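The next block holds one structure in the form of structure tokens; read it before the comments.
The values are calculated or read from the model by the stated rules, or taken from the named source; none is laboratory data. Source: prediction; values computed, not measured. Reconstructed Cβ throughout: ideal geometry from the backbone, glycine too, with neighbour counts over all protein chains shown.
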Amino acid sequence: MGRAAKAIVYREGGPIAMEPIDVAPPKRDEITLKLAACGVCHSDLSATNGTVRMPPPLVLGHEGFGSVVEVGEGVAGFKVGDAVLTSFARMCGKCAACVSGHPARCEHAAEAFSTLPDGTVRTHDAKGEPLNVFCGLGAMAEYATIHVDNAIKVDAHGIPPASAAIVSCAVMTGVGSVTNTAKVEPGSRVAVFGLGGVGLNAVQGAVLAGAATIVAVDTNADKLAAAKRFGATDVVNAKEEDMVKAVRRLGRVDYGFECVGSGELVSQAYKCLAPGGTLVIVGVAPGKDQATFTPISMAMEERCIRGSTYGSARPQKDIPALLALYRGGRLKLDEMVTRTYSIDQGPQAFDDLKAGRNLRGVIVF
């Protein structure tokens, strides 16, 4: 017997809507979560506009925090009542990438792209028809049955659910791109291009890494002001001045982080690099986007471009460490959550996301 729940569902050609669903019990190596909060991430929006191709009908949500209410056969390490953060990247723990310490590159991640790893789902609509789930999760629902490879057990005592939830994607991706992917060195010069939830956490990552200069670039004045509160030393409003000239005037940077998902912005950000500089592409651009650079500049100035998925996360290690930084007053989470919504307000949350009204909106159940 399943659990009746409300969820935010996307259907092709239709709007994002709150719908009743049924969530089936867990099978082998699965757990059922009662969600407490789920962040409203741009990646969910990307699944509805074709930037990320996921087959509808689709239960959205991947930045989730909740507790275990049921455990499937063979599950070890989780019990009813455990606090869990969801991981949108499956980590099988057995492939070459996982065992070498790079679970964000798990060779089996695609098996939990829009279904659970066995290719089936535990979610059905009111008519009994199956519903796909974003990244094997579908965490924008009151309940979700997920595979243990997408679950991180945490100690979340004393952390507001909305603040905990955003760690599982925005915070991990942004901070991790700086500390794991780029391994920014103390005293470095950093520029962050795009100040959504991921970009602002890249700013926080640069602070944690000890960067001497942190230039935040955006077109939204409110987000530029927020970047200063999160540790940026300088800001550039790309709506008011030439971004490349403004950044270079402050000094070419050792590390740049493109956090929007735009080929054109990648091209511009590359021009801001100092000799030996590294540009990290964090944002997910549409498949047809292209970026341009001159190969001679890469060779003669030893500049580098690399990608970052999920902040090159080792979730089982990194996510508890991020929560510890919050407890120690070194990582801002509460300040990132600018509005919370009920599940019934889910469509409004997405409208606010499109309009750039929040640093991070979170659905609280």
Filter result (among the charged types (D, E, K, R) and in a strand (DSSP E or B)) within segment 179-194 = 189
message = I need a count of the residues in segment 254-276 that are of a type outside the set (A, V, I, L, M) and either outside the structural domain of residue 212 (by TED's automatic domain parsing) or in a strand (DSSP E or B) (or both).
response = 7
ask   = Looking at residue 69, is it under 28 Å from residue 155 (Cβ atoms), modelled with pLDDT of 95 or more and in a strand (DSSP E or B)?
value = yes
task = Kindly indicate whether any position in segment 144-165 is touching a Cys at 6+ places or on another chain (Cβ under 9 Å), assigned to a helix (DSSP H, G or I) and closer than 20 Å to residue 27 by Cβ.
result = yes
ask   = Taking into account only those residues within segment 73-107 that are in contact (Cβ under 8 Å) with a residue 12 or more places away in the chain and assigned to a helix (DSSP H, G or I), which is nearest to residue 165 (Cα to Cα)?
value = 104
message = Scan segment 32-50 and tell me whether some residue there is in contact with an Asp or Glu (Cβ under 8 Å, 6 or more places away or on another chain), at negative phi and assigned to a loop (DSSP other than H, G, I, E, B).
response = yes
inquiry  = Taking the conditions exactly as written (among the aromatic types (Phe, Trp, Tyr), touching a helix residue (DSSP H, G or I) at 6+ places or on another chain (Cβ under 8 Å) and farther than 21 Å from residue 69 by Cα), does residue 113 satisfy them or not?
reply    = yes
task = Run down 181, 145, 120 and say which single residue is surrounded by fewer than 21 Cβ atoms within 10 Å (Cβ to Cβ) and among the β-branched types (Val, Ile, Thr).
result = 120
ask   = If residue 24 passes every condition in (1) among the hydrophobic types (A, V, I, L, M, F, W, C); (2) in contact with a Phe, Trp or Tyr (Cβ under 7 Å, 6 or more places away or on another chain); (3) surrounded by fewer than 24 Cβ atoms within 10 Å (Cβ to Cβ) but one, which one does it miss?
value = (2)
note = Checking 179, 219 in turn, the sole residue that is outside the structural domain of residue 45 (by TED's automatic domain parsing), touching a residue at least 12 places away in the same chain (Cβ under 8 Å) and under 17 Å from residue 261 (Cα atoms) turns out to be 219
remark   = When restricted to 322, 331, 279, the only residue assigned to a helix (DSSP H, G or I), buried (at least 18 other Cβ atoms within 10 Å of the Cβ) and touching a helix residue (DSSP H, G or I) at 6+ places or on another chain (Cβ under 9 Å) is 322
ask   = Does residue 158 satisfy being at positive phi and crowded, with 21+ Cβ neighbours inside 10 Å?
value = no
note = The lone condition residue 342 fails out of (1) small (Gly, Ala, Ser); (2) farther than 20 Å from residue 174 by Cβ; (3) exposed (fewer than 13 other Cβ atoms within 10 Å of the Cβ) is (3)
inquiry  = What pairs come out if I take residues in segment 288-316 that are touching a residue at least 60 places away in the same chain (Cβ under 8 Å) and pair them with residues that are assigned to a loop (DSSP other than H, G, I, E, B) and surrounded by fewer than 15 Cβ atoms within 10 Å (Cβ to Cβ) whose C-beta lies under 7 Å away, six or more apart or interchain?
reply    = 314/101
key: Condition met for residue 225 (closer than 21 Å to residue 329 by Cα, out of contact with any strand residue (DSSP E or B) (no Cβ under 7 Å at 6 or more places or on another chain), in a helix (DSSP H, G or I) and free of Cβ contacts under 8 Å to residues at least 60 places away in the same chain)   = yes
